[in-house]
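Report on one structure; see the data block that follows.
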């Protein structure tokens, strides 16, 4: 009983802190997600030490971001993503190449061998779409063209990041990656996204009446949530992030006749679960890193490099949208979030770099997540809305 009581207390503290942080942030004219992440940093082990990462909280955080990306997919149509396909491809590609090249060079200048430098650079590559998606949702901007580009580019970005991570991991032992194996893995990932997205949306358009046939309560919601969790798991089997599968499930559900009903029914679930992801993102930020001057300098350089290179690559890829919209797309692609943390954990476990470098990469990943929401919110307010419905190419 004592363990269950402790878990309930942690859930209570995290949820209430998230709501208070959200409220305070919005009163200061910032996206609520900023308040939730800051609340997590205050509650975490490096400051108040009231909340610690654990199986239950981490699981709720994962489910929260999976449902968030499902809801984002639900508000997006495949036809909208097709309209920005070429621009999204350029954003995703340049948004990987520029950060990877810049971070590899920086790490090598810091004294790391090239194979280890590229491992470090892999943490600078992949965008964490959850934070950007939440800001877009809060600002009712998911139907804007910039949002369509960011969401489509995030899928491409994830596939390319997975390829790069496979290359650098392979190089740590022999110094040479197996190209055949990597091509097979990437082909599987691309095939998964294309087949699920294309086939799933076609079936949904023609057979959405099936969702109402079962007699159980909220049958349509129950079926699409099962699809969401199933595709989230399946995407991890293809080496992709779980949120990619969840987003694809939302895209499929967006083609059904029950779309508006499903959007309404998802709101209570999102209110309960998504704050856990953002608070736990803050909890994992070790504020004590800032007390070491050398680590602080390295962290400042790494964070600046992460922001500038990702923004520059995405900005150049989306210039066809116009200067201000391209600025917004660039900022929206900046968050690294849990992706950088995962790469840092792999690098530490493999003995590729020290605990200090690990702490710097984790802090950089989370700082990009904290910096993005206010910048993206400001930029979206400046970007002209009338561009949203113009053709992208």
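No lab work stands behind these numbers, since they all come straight from the coordinates. A quick note: this is a predicted structure, and the numbers were derived from the prediction, not measured. Cβ: placed from backbone, ideal geometry, glycine included. Neighbour counts: every protein chain shown.
Hey, how much of the P(r) for the chain falls beyond 33 Å, as a percent of Cα pairs? It works out to 29 percent of all Cα pairs.
If the chain linking residue 261 and residue 27 were pulled fully straight, counting 0.36 nm for each residue of separation and taking away their Cα-Cα distance, it would gain 81.2 nm. With R₀ set to 41 Å, the beta-carbon distance separating residue 210 from residue 86 gives a calculated FRET efficiency near 0.75. Per residue, the convex hull spanned by the Cα atoms of segment 1-108 measures out at 183 cubic angstrom. For residue 4 and residue 97, the difference between the fully extended length at 0.36 nm per residue and the C-alpha to C-alpha distance is 28.8 nm. Using the Cβ-Cβ distance between residue 113 and residue 138 with R0 = 41 Å, the FRET efficiency computed as 1/(1 + (r/R0)^6) comes to roughly 0.40. Output the relative contact order of the chain, whole-number percent, from Cα pairs under 8 angstrom with separation of 6+ residues. Rounded, it is 30 percent for the chain.
Calculated mean residue ellipticity at 222 nm for the chain: -26000 deg cm²/dmol, from DSSP H runs with n ≥ 4 weighted as -39500 (n - 2.57), summed, divided by the residue count and rounded to 500. Based on alpha carbons, the Rg and Dmax found for segment 216-341 are 19.2, 60 Å.
Only Cα sites of segment 28-79 enter the Debye sum here, all with the same form factor; the resulting log10 I(q)/I(0) across q = 0.17, 0.30 1/Å is -0.72, -1.08, listed in q order. Tell me, what is the FRET efficiency for residue 270 and residue 187 to the nearest 0.05, using R0 = 22 angstrom and their Cβ-Cβ distance as r? After rounding to 0.05, the efficiency reads 0.05. The distance from the alpha carbon centre of segment 299-324 to that of segment 211-249 is 33 Å, rounded to a whole number.
In a fully extended conformation the segment linking residue 180 and residue 55 would gain 41.3 nm over its present Cα-Cα distance, using 0.36 nm per residue.
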